[in-house]
Amino acid sequence: MKLDKIFQFLIPKDRKFFPLFTDASANLVNCSLEFQKLLNCTDEEQRNEHVRNVKKFEKIGDKITVTIYDELNSTFITPFDREDIQKLANRIDNVVDLVNTSAKRIQLYKLVEIPPVFYKMAELLIEASHEINAVVKGLNKIHDIAKYKEHCIRIGELENESDDLNFSYLSEIFDNETNAISLIKKRDVLNSLEKAMDRCEDVADVLNTILVKYA
């Protein structure tokens, strides 16, 4: 048995980081689902309520991230590399931040008609969030961690799909949209959604690094 494997047996079962990361990934799922509810809502008052709920999830995510950083600064032995812990917390938080940005832009721009591509992007985001959550929940199963690699691959596929949607829709609105202000509004929301999917792939990259190190 390799020395690093033996060392893992000697580390006490972590009771701090794994629950916090599970909370963070679950919060990401909830935030993505709330954003989808926002898109499906036509009543302005109810839509504003969904925007506020997305913001609440963003604040919860910030608190979890700060707690992880605090625990990192006060813990001598960590379940995996300190740099990976910091990166994972940051990347998950980035996704939630960008979902919140997308929600705020929809509210600020008073988008009455939601383009179909936004619904498709939201579906991709939800699926990617579930994939992230699945891997994060398996991080404490150190000996079975390799089986979660397929989830990371799937996140990359979803990000590629979002790229295709982004380029296709941008081409469409630049060809057909005659209102310049409307074009800018739609482009800005799509841009923040695309960035959210990019950050999901960043999360997958960090998770994949952890899988490679400890598989």
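The values are calculated or read from the model by the stated rules, or taken from the named source; none is laboratory data. Everything numeric here is computed off the predicted structure, so don't read it as measured data. Here the Cβ positions follow ideal geometry from the backbone for every residue, glycine too, while neighbour counts run over all protein chains shown.
The table below gives the values:
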quantity	calculated
Qualifying residue in the range 51-70 (condition: charged (D, E, K, R), over 25 Å from Glu131 (Cβ atoms) and surrounded by 15 or more Cβ atoms within 10 Å (Cβ to Cβ))	no
Residues satisfying the stated conditions in the range 93-139, i.e. closer than 19 Å to Thr42 by Cβ and not in a helix (DSSP H, G or I)	Tyr109, Lys110, Leu111, Val112, Glu113, Ile114, Pro115
Unique residue being closer than 15 Å to Tyr214 by Cβ and of a type in the set (Asp, Glu) when the list is Asp164, Asp144, Asp175, Asp188	Asp144
Meets criteria (modelled with pLDDT under 95 and in contact with a helix residue (DSSP H, G or I) (Cβ under 9 Å, 6 or more places away or on another chain)) for Val203	no
Failed item in (1) free of Cβ contacts under 8 Å to residues at least 12 places away in the same chain; (2) surrounded by 17 or more Cβ atoms within 10 Å (Cβ to Cβ), with Val112 passing the rest	(2)
Matching residues in the range 119-160 - criterion: being modelled with pLDDT under 95 and among the acidic types (Asp, Glu)	Asp144, Glu150
Condition check for Thr75: farther than 20 Å from Glu127 by Cα and either out of contact with any Phe, Trp or Tyr (no Cβ under 7 Å at 6 or more places or on another chain) or among the acidic types (Asp, Glu) (or both)	yes
Residues satisfying the stated conditions in the range 1-31, i.e. closer than 25 Å to Asn133 by Cβ, modelled with pLDDT under 90 and either within 12 Å of the chain's Cα centre (by Cα) or among the charged types (D, E, K, R) (or both)	Lys13, Asp14, Arg15, Lys16
The range 71-109 - residue that is exposed (fewer than 14 other Cβ atoms within 10 Å of the Cβ) and hydrophobic (A, V, I, L, M, F, W, C) and, of those, farthest from Lys16 (Cα to Cα)	Leu108
